[in-house]
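Encoded as structure tokens, the structure appears first; notes follow it.
The values are calculated or read from the model by the stated rules, or taken from the named source; none is laboratory data. Every value quoted in this text rests on a predicted model; they were computed, and no experiment measured them. FYI the Cβ positions are ideal-geometry reconstructions off the backbone, even for glycines, and counts take in every protein chain you see. Side chains included, ligands, DNA and RNA excluded: accessible areas come from the protein's heavy atoms. Shrake-Rupley method; radii C 1.70, N 1.55, O 1.52, S 1.80 Å.
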Amino acid sequence: MQRYYLTTPIYYVNANPHLGHAYTTIAADVAARHMRQRGADVFFLTGTDEHGSKVARAAEREGVEPQAFVDRVSSVFRQLAHDVNATNDFFIRTSDAEHEAFVQRFVERMKDAGDIYESTYAGLYCTGCEAFYTDADLVDGRCPQHGTVPEHLEERNWFFRLSAYADRLLARYEAAPEFVLPRVRANEARAFIEGGLEDISLSRASIEWGVPVPWDSGQTIYVWIDALINYASALTYARPGDDLTARYWPPRWQMLGKDILKFHAVIWPAMLMSAGLALPDQLLIHGYLTVRDAKMSKSVGNVLDPFLVIDRYGLDALRYYLLRDVRFGGDGDVSYERVHARYNQELANDLGNLVSRTVAMIGRYREGVVPGGTTDSTVAAAIISAAEQFAARVDRLELTDAIDAAWQVVRDLNRFVEDRAPWTLAKETTRAVELDNVLYTLADGIRAVAVILASAMPDACARVLATLGAPPGVAWSQAAPGLLAALAVTQPAGPLFPRIDDALGA
Ligand code: MSP
């Protein structure tokens, strides 16, 4: 059986989540659900990154202890994962005692490998990024991500000999050209390595809110080192008494935004080499959700509220919109207007109407019972091809194109209804067999589309199957034509995606 360990970044709990965080979690969830449909043994991890100065300062601003603060905000992220219907198998928190102990063992291994030494760091630090910068990294003296002036730091630190790994990292990129996708991000990481790697701080002297360095209690482990290790620590305690490492390590897919490429594509693999662990198979890097071309972020204050969208249009509309409107991998502008337009055009009209018309015609002409028949050969071929393409595209994490492949069948079925005009056939008793075949083709085609799209829109697809009287299972073997049982009894329900007139934010 194929094993798929799949991760999202763990999110900072300095502020509440926004649509950008929901985006990565939803995309990973689609991949996880889809691979389960195909029979893979999947472990899907998400969680929160809770240490470091950024979080400690946020707690201080609220005048609460860091632990109480992270408990509260982490629970909002956990709720978001739940509210977007993410099927994560565990939710890790870096303040978990098991994680902290694991981090200490991990850095001990790096030290045993001879990769850690003591020195003085003198340079710049951006708390927003929790990252060390050189003058050359800055834009007009400011952090390229946050536009803030970084602090000058000078302190004794433990260092990780990252520079020693440049050749081994490049060898990995050479040997596994798809280690990082899309290719442009792999090139960026390679260029960075080729530009010369410097050793990095592995600890901080002045930050108390973190995991103590095991051999030096005056220092805590740098938050990024601590955070990256979550992907390995989680497997050791997600199921008490059952270490899942042998079963799932290394990760098959690690998904993240391009903002944290360097940490994942350079530092993380070097840390794994140092500790003697296998490297992930693939890092999948997506772009930014933007609002009027600026990265959506809490500090810029241009966020779209996922909870508002879910309230107005429903969760599956949000999932669909994010995958469909922003080509996965690139940047994309999002807005309430665009959510609204896609919802009414594609979900309410193309898909929703197709389902209601079909069920209504089966009700009117065949007393609500799906007649025996055969799926039209053109539609059958379209279903086979859509299922193949959907799977192949998810394999490359081309999620937008995957959805598009499934939508082709929706478009074909809409054309098929118009061409065959069942309402005309129904008027001629001699054409009853033809009408049976048309109705069967529509019901069976919609069923197959619902199976194909179940990872993207789990609730809506379950409703479609129930409406058609089809069994609820979405195993990938069902993503094929001709599998709807004749005499299935349809269960007419309200519209799948009722038309909505008022846009949000209008
Ligand atoms: N805590 C670190 C990650 C540690 S992983 C070992 C961190 N956290 S974060 O809260 O800032 O989340 C960053 C991630 O959230 C991005 O990589 C991306 O997955 C997601 N996004 C946050 N804002 C986003 C957009 N505007 N657009 C797309 N994704 C966004 O970095």
Would you please name the residue that is most open to solvent (accessible area, probe 1.4 Å), looking only at residues in segment 264-295 that are within 13 Å of the ligand (Cβ to nearest atom), outside any helix (DSSP H, G or I) and among the small types (Gly, Ala, Ser)?
ALA294
Selection from segment 244-263 of residues that are more than 8 Å from the ligand (Cβ to nearest atom) and basic (Lys, Arg):
ARG247, ARG252, LYS262
In segment 296-315, what residues are open to solvent by less than 10 Å² (accessible area, probe 1.4 Å) and away from the ligand (no atom under 12 Å from the Cβ)?
VAL309
Every pair of residues 6+ apart whose Cβ atoms lie under 6 Å, when the first sits in segment 334-362 and is in contact (Cβ under 8 Å) with a residue 12 or more places away in the chain and under 23 Å from ALA443 (Cβ atoms) while the second is surrounded by fewer than 22 Cβ atoms within 10 Å (Cβ to Cβ) and charged (D, E, K, R)
ALA348/ARG499
Considering each residue of segment 83-95, count those that are touching a strand residue (DSSP E or B) at 6+ places or on another chain (Cβ under 9 Å) and open to solvent by 30 Å² or more (accessible area, probe 1.4 Å), and give that number.
5
Please count how many residues of segment 180-219 are more than 27 Å from ARG105 (Cα to Cα) and in contact with a strand residue (DSSP E or B) (Cβ under 8 Å, 6 or more places away or on another chain).
6
I'd like the full set of residues that are modelled with pLDDT of 95 or more and more than 29 Å from GLU130 (Cα to Cα), limited to segment 1-30.
ARG3, TYR4, VAL30
With the requirement that a residue be of a type in the set (Asp, Glu) and surrounded by fewer than 19 Cβ atoms within 10 Å (Cβ to Cβ), what does segment 43-81 give you?
GLU60, GLU62, GLU65, ASP71
Of the residues LEU261, LEU289, LEU256, LEU235, which is more than 17 Å from TYR11 (Cα to Cα) and hydrophobic (A, V, I, L, M, F, W, C)?
LEU235
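Can you say whether ALA166 is away from the ligand (no atom under 14 Å from the Cβ), open to solvent by less than 40 Å² (accessible area, probe 1.4 Å) and of a type in the set (A, V, I, L, M), as far as the supplied structure shows? Please lay out each step first, then the result.
Numbers: away from the ligand (no atom under 14 Å from the Cβ): yes; open to solvent by less than 40 Å² (accessible area, probe 1.4 Å): yes; of a type in the set (A, V, I, L, M): yes.
Spelling it out, ALA166 is indeed away from the ligand (no atom under 14 Å from the Cβ), open to solvent by less than 40 Å² (accessible area, probe 1.4 Å) and of a type in the set (A, V, I, L, M).
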Quick one: which helices (runs of 4 or more DSSP H) lie wholly within segment 414-506 and hold at least 1 residues that are closer than 22 Å to ARG342 by Cα?
432-452, 458-467
Pick from segment 434-454, criterion among the β-branched types (Val, Ile, Thr) and under 18 Å from VAL369 (Cβ atoms), ranking: nearest to the chain's Cα centre (by Cα)
ILE446
Of the residues in segment 169-197, how many are closer than 24 Å to TYR121 by Cβ and exposed (fewer than 12 other Cβ atoms within 10 Å of the Cβ)?
2
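Is one or more of the residues making up segment 327-335 open to solvent by 50 Å² or more (accessible area, probe 1.4 Å) and assigned to a helix (DSSP H, G or I)? If you could, list the steps in order and put the result at the bottom.
Here is the first cut: in segment 327-335, the residues open to solvent by 50 Å² or more (accessible area, probe 1.4 Å) are 327, 331, 333.
From what's left, assigned to a helix (DSSP H, G or I): none.
Within segment 327-335 (the criterion being open to solvent by 50 Å² or more (accessible area, probe 1.4 Å) and assigned to a helix (DSSP H, G or I)), the answer is no, since none of the residues qualifies.
Yes or no: PHE132 among the aromatic types (Phe, Trp, Tyr), open to solvent by 40 Å² or more (accessible area, probe 1.4 Å) and over 21 Å from LEU277 (Cβ atoms)?
The answer is yes for PHE132.
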Checking SER477 against (1) in contact with a Leu (Cβ under 9 Å, 6 or more places away or on another chain); (2) closer than 24 Å to GLY314 by Cβ; (3) of a type outside the set (D, E, K, R); (4) open to solvent by 10 Å² or more (accessible area, probe 1.4 Å), the condition it does not meet
(2)
Selection from segment 451-482 of residues that are within 20 Å of SER356 (Cα to Cα) and among the polar types (S, T, N, Q):
THR467
Filter segment 125-161 for residues that are of a type in the set (Lys, Arg) and not in a loop (DSSP other than H, G, I, E, B); which is farthest from the ligand (Cβ to nearest atom)?
ARG156
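For every residue, the table says whether it meets (1) assigned to a loop (DSSP other than H, G, I, E, B); (2) farther than 26 Å from ILE260 by Cβ; (3) modelled with pLDDT of 95 or more.
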position: VAL303; (1), (2), (3): yes, no, no
position: VAL309; (1), (2), (3): no, no, no
position: ILE362; (1), (2), (3): no, yes, yes
position: ALA387; (1), (2), (3): no, yes, yes
Any residue at all in segment 385-403 that is surrounded by 20 or more Cβ atoms within 10 Å (Cβ to Cβ) and more than 30 Å from PRO177 (Cα to Cα)?
no
For GLU155, all conditions in the list (1) more than 26 Å from the chain's Cα centre (by Cα); (2) closer than 30 Å to THR400 by Cα; (3) in contact (Cβ under 8 Å) with a residue 24 or more places away in the chain hold save one; what is the number of the exception?
(2)
Among the residues listed as GLY330, GLY257, the single one being touching a residue at least 12 places away in the same chain (Cβ under 8 Å) and in contact with a helix residue (DSSP H, G or I) (Cβ under 8 Å, 6 or more places away or on another chain):
GLY257
Test ALA40 against the stated conditions and say whether it is among the small types (Gly, Ala, Ser), touching a residue at least 12 places away in the same chain (Cβ under 8 Å) and either crowded, with 21+ Cβ neighbours inside 10 Å or within 13 Å of the ligand (Cβ to nearest atom) (or both).
no
